[in-house]
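Below: one structure, written as structure tokens.
No lab work stands behind these numbers, since they all come straight from the coordinates. Remember, it's a predicted structure, so these values are computed and weren't measured experimentally. Virtual Cβ from ideal backbone geometry, glycine too; neighbours counted across all protein chains shown.
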Amino acid sequence: MIIADLQIHSRYARACSNNTTLDLLEKYARIKGLDLIGTGDFQHPLWNKEIKEKLKEDDNGIIWSKTKFPFIWQTEISLMYKQDGKGRRIHHLIFSPNKDVADQIIDFLGSKGRLDYDGRPIFGFSSIELVDFMRNISNDIEIIPAHVMTPYFGLYGSKTGFDSLKDCFKDNTKHIHAIESGMSADPPMLWRLKEDINIVSFSDAHSYWPWRLGREATVFDCELKYKDIINSIRTKNKISYTIETVPDYGKYHYDGHRNCNLRLSPEETRKLEGICPKCNQPLTIGVQYRIEELAKEPEGYNKKDPTDYKRLIPLHELISSTYNIKQISSKKVWEIYNKLIAEFGNEFKILLEVPYEDLIKIIQEKLAKVIIMSREDKLKILPGYDGTYGEIILDKEKIIEEGKKQKTLGEF
């Protein structure tokens, strides 16, 4: 099995830590339990120089660190353009089969705009043109729309997205084989759209902390070769399952206004006709609402022959919630986290495999129970909204309180 996170960024991307280096990405990938990660931002001149100096490519399109950790050529770009009378902002992942093709992609992108100002550069051409441009370079290049339900930059996003793959890509839809779910959506939600498309999940490790990678991942049952990984994405035959953050935890699952401290379910938003009762401005419409707008099947619909998936909350969040610590990178959280890693090897093993009986030998019973609850998808999550992460609720009184609050939010 290959647990892969193929949506990574470098320190040259906006909002990424200056400490994000290839060495630290490898370090935390190993701690997480990842077997393969993307390079991120391979078109950025300074990051590209580091990749070529520190990693060595084999004959199968995999590039290796000196300590034998594998990477794959990967970047993400932002497209801002007008189509069908509406402004569009769409993020796409691009994968290259080798260095030579990556260099050709860089030459092309460089002809369309600057590459040195941000690890995730912005271009003015369309998603349709992107497919044509990449296929003119190599049919082995893979394009995957990223975090497809995000309001502002997702392919199906409520603000600047489309209603379907066909609307976005037109005749080039046949060259798009997979979409990336993003943190605020998961496969069962996306199945309801009835798009003939495979689903993968990656972390979009675009964070102030390089250890935030691996929050989502895709598990492949194939050889560690570029062509085998991409063939799995294209056919779904060798994808064992995806690892999904519980969608409610994502930043855009529910509707609302962060500045107004207002979180709303789709039902409540409809009652308010999409207008915030506190500031009278349009609400930021989240993923759940957008799914309901686009869905062709009811909630609970099961796709035939679906890819399996597992819902998890990252270990740092579980520790901080258990001990009511607001800062997930606090000293106490790290102490408990490192103790678990030292004993069991990596985070995915802890989240997915280690028995309760073994956990309580190392940590307090209450944390062990929370880890098992996450594994069994039994945690109560107060949904995220308008750029605010969701909240794990472990206090029974708070669960009751929030339940009452949700019933009255639409009654302004």
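Miscellaneous remarks
- Computed [θ] at 222 nm, helices only, for the chain once each DSSP H run of length n ≥ 4 contributes -39500 (n - 2.57): -9500 deg cm²/dmol
- Label-to-label distance, LYS49 versus MET373, with points set 7 angstrom from Cα along the beta-carbon direction: 5.0 nm.
- GluC sites (Glu not before Pro) restricted to DSSP loop in region 251-336 with at most 12 other C-beta within 10 Å: GLU273, GLU299
- Sequence-distant residues sharing a close amide H with ILE239 (under 5 Å, placed H): ASP221
- Relative contact order of region 63-130, taken over Cα pairs closer than 8 Å and 6 or more residues apart, is 35 percent.
- Across the alpha-carbon atoms of region 314-375, the computed radius of gyration and Dmax are 10.4, 28 angstrom.
- Here region 235-282 and region 333-347 have alpha carbon centers that stand 32 Å from each other.
- Candidates GLY40, GLY154, GLY113: whichever shows maximal mean-square fluctuation once the chain is modelled as a Gaussian network with Cα springs under 10 Å: GLY113
- As a proxy for reagent exposure, LEU79, LEU46, LEU155 were ordered by neighbouring Cβ count within 10 angstrom, fewest first; the result is LEU46, LEU79, LEU155.
- Rel. contact order, % - alpha carbon contacts under 8 angstrom, at least six apart, the chain: 16 percent
- ARG270 versus LYS194: modelled label distance in nm, points set 7 Å from Cα along the beta carbon direction: 1.9 nm
- Rough spin-label spacing in nm, given labels placed 7 Å along Cα→Cβ, for ILE360 and SER330: 2.5 nm
- If the chain linking ASN338 and TYR117 were pulled fully straight, counting 0.36 nm for each residue of separation and taking away their Cα-Cα distance, it would gain 76.0 nm.
- Per residue, the convex hull spanned by the Cα atoms of the chain amounts to 143 cubic angstrom.
- Under the membrane-span-like helix rule (DSSP H runs whose alpha carbons stretch at least 27 Å along the helix axis, mean Kyte-Doolittle hydropathy 1.0 or higher), the chain yields none.
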